[in-house]
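K.L.:
Below you will find the structure I want to go over with you.
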Amino acid sequence: MAQAEENPHEITQLLREWSEGDREALDQLLPLVYDELHHQAARYRRRERPDHTLQTTAIINEAYLKLIDQRVQWQSRSHFFAIASLVMRRILVNYAKADQRKKRGGSAATVSLEEAVAAVDEKSYEVIALDEALTRLAALDEQQARIVELRYFGGLSLEETAEALHVSRATVARDWQMAKAWLHHELTKK
């Protein structure tokens, strides 16, 4: 994919045109957002186990296909990448769950419970555990959960997250710190 110079205002305009049904805007949009989608997917991949079989390009392609099917009134570049981060999170969580099902006997071989538990890949478990913890956090504080998704999964800056959520940078910074502390507690308690 050829690299294109990213212009946030041009991206926002193309997103709005696409939302209004202009398919040519979608064609112009891909080269402008591809690099950032690639960076997001690569961030996800770096957090996975080394032998993870879902490649960065596959994550981008699947996410892009899901994004173009969205019926969203795109507000801005940050809004688009916020939704992209959610889509990529779902792809990886679903992949991790499918991987665990396969290792637990989704294929033909019969194994003991101890063997199945030992076979579960720790990284897949971590992705699922984080997803479950984020779901619990969302029940307590939906904004904090969204901030974690946008910052951790989406790689958005404090400013971009604030723009996507229509809150101040200070609110994002405060909620980000609180959410990280809560998640750390949840993920490390025995």
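The values are calculated or read from the model by the stated rules, or taken from the named source; none is laboratory data. In this text, all values refer to a predicted model and were calculated from it rather than measured experimentally. All Cβ positions, glycine included, derive from the backbone under ideal geometry; neighbour counts span all protein chains shown.
K.L.:
Determine if the range 21-36 includes at least one residue that is closer than 28 Å to residue 138 by Cβ and modelled with pLDDT of 85 or more.
P.N.:
There is at least one residue in the range 21-36 that is closer than 28 Å to residue 138 by Cβ and modelled with pLDDT of 85 or more.
K.L.:
Just the residues that are loosely packed, with under 13 Cβ neighbours inside 10 Å and closer than 18 Å to residue 12 by Cβ, please, taken from the range 50-69.
P.N.:
Within the range 50-69, 68 is the sole residue that qualifies.
K.L.:
How about the range 24-43: which of its residues are out of contact with any Leu (no Cβ under 6 Å at 6 or more places or on another chain), among the hydrophobic types (A, V, I, L, M, F, W, C) and free of Cβ contacts under 8 Å to residues at least 40 places away in the same chain?
P.N.:
30, 32, 42
K.L.:
Right, next: Being assigned to a helix (DSSP H, G or I), at negative phi and either surrounded by fewer than 17 Cβ atoms within 10 Å (Cβ to Cβ) or over 18 Å from the mean Cα position of the chain (by Cα) (or both) is true for just one of 163, 149, 186. Which residue is that?
P.N.:
186
K.L.:
All but one of (1) outside any helix (DSSP H, G or I); (2) surrounded by fewer than 19 Cβ atoms within 10 Å (Cβ to Cβ); (3) at pLDDT 80 or above hold for residue 6; state the number of the condition that does not hold.
P.N.:
(3)
K.L.:
Please tell me if residue 121 is of a type in the set (D, E, K, R) and either surrounded by 20 or more Cβ atoms within 10 Å (Cβ to Cβ) or at pLDDT 75 or above (or both).
P.N.:
So residue 121 fails the test.
K.L.:
Do you know which residues across the range 8-28 are closer than 12 Å to residue 81 by Cβ and touching a Phe, Trp or Tyr at 6+ places or on another chain (Cβ under 8 Å)?
P.N.:
11, 12, 15
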